[in-house]
Structure formats: structure tokens, C-alpha cells
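K.L.:
Before we start, here is the structure in question, set down as C-alpha cells.
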Amino acid sequence: MQRLVLAAALTALSAAALAAPALAQESAKPAASPNPCFRMSQIDNHTKGDDQTLYLSVRHRDVYRLGMSGNCLAGASSNDALVMQPTAGVDLICRPLDLDLKVRTSPGMLSPCIINDITKLTPEQVAALPPKVKP
């Protein structure tokens, strides 16, 4: 009985020793970033998708989708000015909390937006956008 337990323990140790290098290699790989960063100063254009979606063109080649909480874009058009400020004092935007966004819907009127998510679209996703909302 003791030999059986000892054999099982040795087998488990051997399996763990073999798996350790593979796990170390996996953890050494950089994690894929679901929302690559962009600089606010590199935003070229914007379009409104709907009352909760804004599309940004960055560096004339990347498109980011900003999902909003609530209907801060209701009544706004793609021609309305965006008032953006980085919250950390640096224009690098990596997550929703990095950007304070308001939409100027009329003179003196700013509609604040709470950004839920920022997603960099793939070329296929950009190609699938209706022409009216492509930034």
C-alpha cells in the first residue's frame, strides 16, 4: 500500500516537473492587450454610431469604438465637437478612465459621457461598418 502511494506521488511530481517549463514559457509571453493604447493627439476624426457608440479614427488607419453608459450622444451628430481631456495629464488613452469626454451639442451646452469600453476594431470590423458611421 505504501509503495502504491509512493509511486503515485512520484508520478505526480514527474508530471509537475515536466509541466513547469511549459507553464513558465506561457507566463513569459506578454498578454495580448484587448485595448491597445492610442494618443489623444492622434485622433483624426469621429462619427456617431448611435446614442451610445462613438467611432474614432486614429492616425488615419486605426478605428476605435467607444461604448458609452447612458445616452450621452442622444441629440448629437457627427459634426458636433468633442471636448476631450486626459484624466491623468498625459494624452495616452489605454482604458475608459483615461479620457474625460463631453459632446458640445450647442453653444454653451456640454453633454458629459461615461465611457464603458474602448475597443480597437479589426480591419474586418471596420470594413463591415456602414459607410455612414465610418470615421
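The values are calculated or read from the model by the stated rules, or taken from the named source; none is laboratory data. From a predicted model like this one, the values you see are computed outputs, not experimental measurements. Heads up, the Cβs are rebuilt from the backbone with ideal geometry, glycines too, and the neighbour counts pull from every protein chain shown. Each accessible area value is taken on the protein alone, full model and side chains, heavy atoms only, with ligands, DNA and RNA left out. Shrake-Rupley method; radii C 1.70, N 1.55, O 1.52, S 1.80 Å.
K.L.:
Out of everything in segment 43-62 that is β-branched (Val, Ile, Thr) and either over 16 Å from the mean Cα position of the chain (by Cα) or open to solvent by 10 Å² or more (accessible area, probe 1.4 Å) (or both), what residue ends up being farthest from ILE114 (Cα to Cα)?
P.N.:
Across segment 43-62, the extreme among qualifying residues is ILE43.
K.L.:
Is it true that SER41 is out of contact with any Leu (no Cβ under 9 Å at 6 or more places or on another chain), assigned to a strand (DSSP E or B) and modelled with pLDDT of 90 or more? Don't jump to the end; show me each part of the working.
P.N.:
Values: out of contact with any Leu (no Cβ under 9 Å at 6 or more places or on another chain): yes; assigned to a strand (DSSP E or B): no; modelled with pLDDT of 90 or more: yes.
For SER41, the condition - out of contact with any Leu (no Cβ under 9 Å at 6 or more places or on another chain), assigned to a strand (DSSP E or B) and modelled with pLDDT of 90 or more - is not met.
K.L.:
Across segment 102-118, what is the total count of residues that are in contact with a strand residue (DSSP E or B) (Cβ under 6 Å, 6 or more places away or on another chain) and open to solvent by less than 50 Å² (accessible area, probe 1.4 Å)?
P.N.:
So the count comes out to 5.
K.L.:
List, please: which pairs have Cβ atoms under 6 Å, are six or more places apart or on different chains, and start with a residue in segment 106-126 that is of a type outside the set (D, E, K, R) and end with one that is open to solvent by less than 80 Å² (accessible area, probe 1.4 Å) and in a helix (DSSP H, G or I)?
P.N.:
Final answer for the pair search is ILE115/PRO96; ILE118/PRO96.
K.L.:
Separate question: Being at pLDDT 90 or above and in a loop (DSSP other than H, G, I, E, B): is that true of HIS60 here?
P.N.:
Answer is yes for this residue.
K.L.:
Take segment 119-134 and flag every residue that is surrounded by 11 or more Cβ atoms within 10 Å (Cβ to Cβ), of a type in the set (A, V, I, L, M) and at pLDDT 95 or above.
P.N.:
Hits for segment 119-134 are LEU121, VAL126, LEU129.
K.L.:
Do you know which of the residues in segment 72-101 that are assigned to a loop (DSSP other than H, G, I, E, B) and polar (S, T, N, Q) is most open to solvent (accessible area, probe 1.4 Å)?
P.N.:
ASN79
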